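First comes the structure, then the notes that go with it.
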Amino acid sequence: MEAAAPLVIEARAIAKRFGHVTALRGVDLTLEPGEVLGVVGDNGAGKSTLMKVLSGLHQPSSGELLINGEAVRFGSPRDARQRGIEMVYQDLALAGNLRIDENILLGRERTRAIGPLRLVDHAANVALAKQHLDKLRIHVKSVSQRVEDLSGGQRQAVAIARATAFDAKVVIMDEPTAALAVREVRRVLDLIKDLKTHGIGVILISHRLDDIFYVCDRVMALFRGANFAEAPLGEVERDEVIGWIMGNKRQEDAPVGAGAN
Amino acid sequence: MTEAASPELAGELVDADQQSRRSIRLMAFFDRFGVLLLVLVMGALSYAAQPEVFLSSNNIANIFRQTAFLALLALGQFLVIVTAGIDLSVGSTLALAMMSAAVLSVAGVPWPILILTPFAVGTAVGLVNGLGLTKLHMPHPFIMTLGMLNIARGLTNLISGGVPISGLPAEVRWLGAGNLVLGGIEIPVSVIAVIVSFALAWLFLEHTRTGRHIYAIGGNPQAARVSGINVDRTLVIVYALCGLLAGFSGLLLAGRTGSGFPNAGIGAELDAISAVIIGGASFFGGRGTVLGVFAGVLVIGMMRNLLNLSNVQVFWQQVLIGVVIIAIVAFDVLRRRAAASS
């Protein structure tokens with residue numbers, strides 16, 4: 001199973017307890033390169049906790065995490081990022097007062113030496129940001145615009161560009177369309193589809209089944225901190241997924257976790 | 001139903017859009033150049049009121065000399081305010097730095113060490129502020145630096161016995177009181193010190209990674225954190241630099257007055273904050289420029305100068321500065337509202 005296509009992410013039996021509260025009880029998750037995986041579940045099902053484990057923000061209480069087949073332990077989001085796993089936060093985590101290029105390269109600015117000083121190479125950063133935005137076919141009037149002057153969808157695009165600017169293998173997105181105007185949702189979803197063509201895997205948490213059915217290759221449902229069901233998108237109906245979210249399974253013949261490979 | 005209403009609605013939206021865009025552009029203009037306009041207006045007013053005196057090189061030099069120490073305090077305060085913080089201790093830090101040098105001078109310490117003392121003392125106070133804020137997880141820098149305002153003032157009185165100490169060596173006084181003759185014009189050394197400090201601060205804020213990270217922290221600390229920026233370390237640097245500049249400011253004031261006095265800088269933190277806010281920095285962090293702070297300091301300096309020249313009662317200065325602060329912040333709020341509603 002592992003030999004055919006190496007999985008970018010394989011999480012095995014991840015559990016996470018906060019004191020007496022068990023948020024995750026042995027969850028499995030797999031992601032292939034360039035795959036878009038939708039994760040659904042009711043509030044408190046453990047989606048966000050699982051994503052925080054994958055992105056290094058939380059450490060699992062037990063269970064194994066493999067990146068490209070190699071066991072890893074993330075101490076912080078920094079560790080995860082070094083392995084090519086990036087998270088786009090629900091609140092976007094952009095600095096509105098800074099320019100687009102500065103946000104895309106925040107914390108990773110290029111510098112050059114001038115005498116004894118190391119100064120930020122603004123021209124190089126602008127060029128890098130432009131190049132990356134072009135690669136993702138994100139159009140902005142100018143990368144020198146402040147992010148606070150952008151629309152919600154443009155901000156989301158900048159956040160995604162930021163997440164993918166440095167060799168990302170996987171981008172985890174938590175409700176990326178929740179705060180967007182209707183006409184902007186499509187643009188962001190198309191951008192997610194574009195990431196696929198660059199071989200970047202995406203894990204998409206969304207309450208909006210429209211989004212899931214538009215971009216995802218596969219959908220998995222969590223229920224009360226455990227795997228509930230999953231299936232390739234072509235093999236599942238909308239109503240069925242709605243049932244999963246509420247903890248109802250009509251077809252008992254699809255065993256959990258076996259559908260994907 | 002929505003179908004029928006939509007063309008009209010769309011028209012309204014476009015109008016609103018254009019209008020708000022126009023007002024945003026106007027706001028952006030004021031954001032950038034508003035305070036320079038204010039400097040020009042102050043200059044014009046001063047010239048109109050006192051045509052012979054105001055533009056005399058003596059008077060101009062005086063304005064700069066008198067505001068030099070405030071300029072350095074404001075510059076440090078600005079770094080802190082960009083991170084959405086505040087440093088209430090700069091006035092006390094100034095006094096402690098100045099008194100430390102004066103006390104050591106009486107003890108016969110050689111002048112090169114005396115010159116370095118205010119910098120060292122200021123930086124130490126700033127480091128304590130920064131480390132206290134981040135390591136003790138103070139809910140707000142207001143509290144940490146309010147504590148430090150009292151601590152530093154108390155220490156100042158303890159080391160000096162609460163009395164002024166005069167008789168600083170000429171070398172120590174030179175930065176605050178000396179003049180350089182450049183191209184036939186006498187320029188106060190303190191003014192050059194201020195200009196160099198502001199230029200270095202500009203280079204630091206605009207062209208170093210740490211400088212950009214300071215703005216990022218002011219804009220969205222969460223974004224800075226998840227971007228791998230060490231927010232606590234950056235904040236410690238910022239408060240240390242603010243302390244350093246307060247110490248430098250104490251050195252200039254000691255030079256100008258030729259002594260150390262324990263009541264120096266009482267209330268100066270509020271003048272520094274005023275200058276920063278008048279200069280266009282936002283109290284919410286992430287906004288403002290070094291040039292704006294310079295202009296803010298000039299506005300306060302010119303306003304005092306004008307009122308002094310016109311023999312207006314000193315108390316009116318306070319009233320006017322208060323009015324200007326409120327007017328400017330009200331404007332900042334309006335600007336943010338306009339930006340948010342568009």
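Taking only the Cα atoms of the protein assembly as shown, how large is their convex hull per residue, in Å³?
It comes to 203 Å³ per residue, whole-number rounded.
Helix A:152-164 against the longest principal axis of chain A: what's the angle in degrees, Cα atoms only, rounded to the nearest 10?
The helix A:152-164 is inclined about 90 degrees to chain A.
Tell me the Kirkwood radius of the range B:268-342: reciprocal of the mean inverse pair distance over distinct alpha-carbon atoms, in Å.
13.1 Å
Taking amide H positions as placed 1.01 Å from N in the peptide plane, with prolines and chain starts having none, which residues 5 or more places from A:LEU24, or on another chain, fall under 5 Å of its amide H?
Residues meeting the amide H criterion: A:LYS16.
Mind running the shape call on the range B:59-133? Use the C-alpha gyration tensor, a ≥ b ≥ c as the square roots of the eigenvalues: rounded below 1.5 for a/c, prolate if a/b tops b/c, oblate otherwise.
oblate
Could you work out the helix-only [θ] at 222 nm for chain B, with each DSSP H run of four or more residues adding -39,500 (n - 2.57) and the total divided by the number of residues, to the nearest 500 deg cm²/dmol?
-27000 deg cm²/dmol
Which three extents, in angstrom, do the Cα atoms of the range A:2-57 have along their principal axes, listed largest first?
40, 19, 18
Beyond 16 Å, how much of the Cα-Cα pair distribution for the range A:73-133 remains, as a whole percent?
That tail contains 59 percent of the Cα-Cα pairs.
So how do B:PHE69, B:PHE204, A:PHE213 line up by other beta-carbon neighbours within 10 Å, fewest first?
A:PHE213, B:PHE204, B:PHE69
Calculate the radius of gyration of the Cα atoms of the range B:173-327 to one decimal place, then report Dmax, the largest Cα-Cα distance, as a whole number, both in Å.
Looking at the range B:173-327, its Cα Rg and Dmax stand at 17.8, 56 Å.
Hey, can you grab everything whose amide H is under 5 Å from the amide H of A:ARG218? Only 5+ residues off in sequence or another chain; H modelled, so Pro and N-termini drop out.
Here the answer is A:VAL36, A:GLY38, A:LEU233, since their amide H atoms fall under 5 Å of that of A:ARG218.
Calculate one ³J(HN,Hα) per residue across the range B:71-82 by plugging θ = phi - 60° into the Karplus curve 6.51 cos²θ - 1.76 cosθ + 1.60, and present them in order as whole Hz with x for glycine and proline.
4, 5, 4, 5, 5, x, 4, 4, 3, 5, 5, 4
So, counting K/R as plus one and D/E as minus one, what does the shell of residues with Cβ under 10 Å around A:SER142 add up to?
+2
If you consider only alpha-carbon coordinates, what radius of gyration and Dmax does chain A have, in Å?
Considering chain A through its Cα atoms, Rg and Dmax are 19.0, 70 Å.
Per residue of A:76-87, what is the mean number of Cβ atoms on other protein chains within 10 angstrom of that residue's Cβ?
Mean inter-chain Cβ contacts per residue within 10 Å come to 1.
Looking at the protein assembly as shown, send over the antiparallel percent of its DSSP beta bridges, to the nearest 5.
Just about 65 percent of them are antiparallel.
Nearest 500 deg cm²/dmol is fine: what mean residue ellipticity at 222 nm does chain A get from its DSSP H runs of n ≥ 4 alone, each adding -39,500 (n - 2.57), divided by its residue count?
Value at 222 nm, helices only: -8500 deg cm²/dmol.
Mind checking which of A:MET220, A:MET246, A:MET51 has the largest fluctuation in a GNM of chain A, springs on alpha carbons under 10 Å?
Among A:MET220, A:MET246, A:MET51, the largest GNM mean-square fluctuation belongs to A:MET246.
Just checking the output field for B:220-232: average partner chain Cβ neighbours within 10 Å of each residue's Cβ?
6
Helix B:290-309 sits at what angle to the longest principal axis of chain B, using alpha carbons and giving 0 to 90 degrees rounded to 10?
70 degrees
Counting pairs of Cα atoms in the range A:1-153, how many percent are more than 28 Å apart?
It works out to 39 percent of all Cα pairs.
Once you sort the root eigenvalues of the Cα gyration tensor of the range A:66-199 as a ≥ b ≥ c, which label holds: rounded (a/c under 1.5), prolate (a/b larger than b/c) or oblate (the other case)?
Since a/c reaches 1.5 but b/c is at least a/b, the shape of the range A:66-199 is classed as oblate.
List the chymotrypsin sites (Phe, Trp or Tyr not before Pro) within the range B:234-342 that DSSP assigns to loop and that have no more than 16 neighbouring Cβ atoms inside 10 Å.
Loop-located and lightly packed - B:PHE283, B:PHE284.
Give the residue from A:THR30, A:VAL202, A:GLY234 lying farthest towards the positive end of the charge dipole for chain A; charges sit on Cβ (+1 for Lys and Arg, -1 for Asp and Glu) and the dipole is referred to the Cα centre.
Positive-end residue among those listed: A:VAL202.
Output wanted: per-residue J couplings in Hz (rounded whole) for the range B:251-267, from phi through Karplus 6.51 cos²θ - 1.76 cosθ + 1.60, θ = phi - 60°, x for Gly and Pro.
Each residue of the range B:251-267 in turn: 5, 5, 5, 4, x, 5, 8, x, 7, x, 10, x, 8, 4, x, 5, x Hz.
What number does the range B:126-172 give for Rg over Rh if you use C-alpha atoms and the Kirkwood radius?
My calculation puts Rg/Rh at 1.19.
Kirkwood-based Rg over Rh for the range A:126-249 (C-alpha set), two decimals?
Rg/Rh for the range A:126-249 comes to 1.02.
Is there a simple number for the mean count of other chain Cβ atoms within 10 Å of the Cβ of residues in B:206-217, and what is it? Can you show the working numbers first?
Details: counts 3, 8, 6, 10, 2, 2, 11, 4, 0, 4, 8, 1.
Neighbouring Cβ atoms belonging to other protein chains average 5 per residue here.
When only alpha-carbon atoms count, how far does the range A:111-160 stretch along each of its three principal axes, as whole angstroms with the largest first?
42, 23, 17
Nearest 20 debye, what's the magnitude of the dipole of the protein assembly as shown about its Cα centre given +1 on Lys and Arg Cβ and -1 on Asp and Glu Cβ?
Roughly 1300 debye for the protein assembly as shown.
Kirkwood hydrodynamic radius, chain B, all distinct C-alpha pairs: what's the number in Å?
Every distinct Cα pair counted, the radius reaches 21.3 Å.
Taking chain A as a Gaussian network, Cα atoms linked when under 10 Å apart, which of A:GLY34, A:GLY234, A:GLY56 shows the biggest mean-square fluctuation?
Top of the fluctuation ranking is A:GLY234.
Which one, A:VAL158, A:VAL120, A:VAL241, has the greatest fluctuation when you compute a Gaussian network model over chain A with C-alpha springs under 10 angstrom?
Looking only at A:VAL158, A:VAL120, A:VAL241, the largest GNM fluctuation is found for A:VAL120.
With θ taken as phi - 60° and the coefficients 6.51, -1.76 and 1.60, list the Karplus ³J(HN,Hα) couplings across the range B:95-100 in order, rounded to whole Hz; mark glycine and proline as x.
5, 5, 5, 5, 5, 4
In terms of the ratio Rg/(2.2 N^0.38 Å) built on C-alpha atoms, what value belongs to the range A:12-92?
After normalising by residue count via 2.2 N^0.38 Å, the value is 1.06.
Compute the helix-to-body angle for B:141-160: its Cα long axis versus the longest principal axis of chain B, expressed 0 to 90° and rounded to tens.
10 degrees
Could you list, bin by bin from short to long, the percent of Cα-Cα pairs of the range B:179-259 in 10 Å steps?
With 10 Å bins starting at 0, P(r) equals 16, 35, 25, 16, 7, 0.
Laboratory data are not the source of any read-out in this text; all were calculated from the coordinates shown. Bear in mind the structure is a predicted one, so any value in this text is a computation, not a measurement. When we count neighbours, we look across all protein chains shown, and the Cβ atoms used for this are built from the backbone with ideal geometry, even at glycine.
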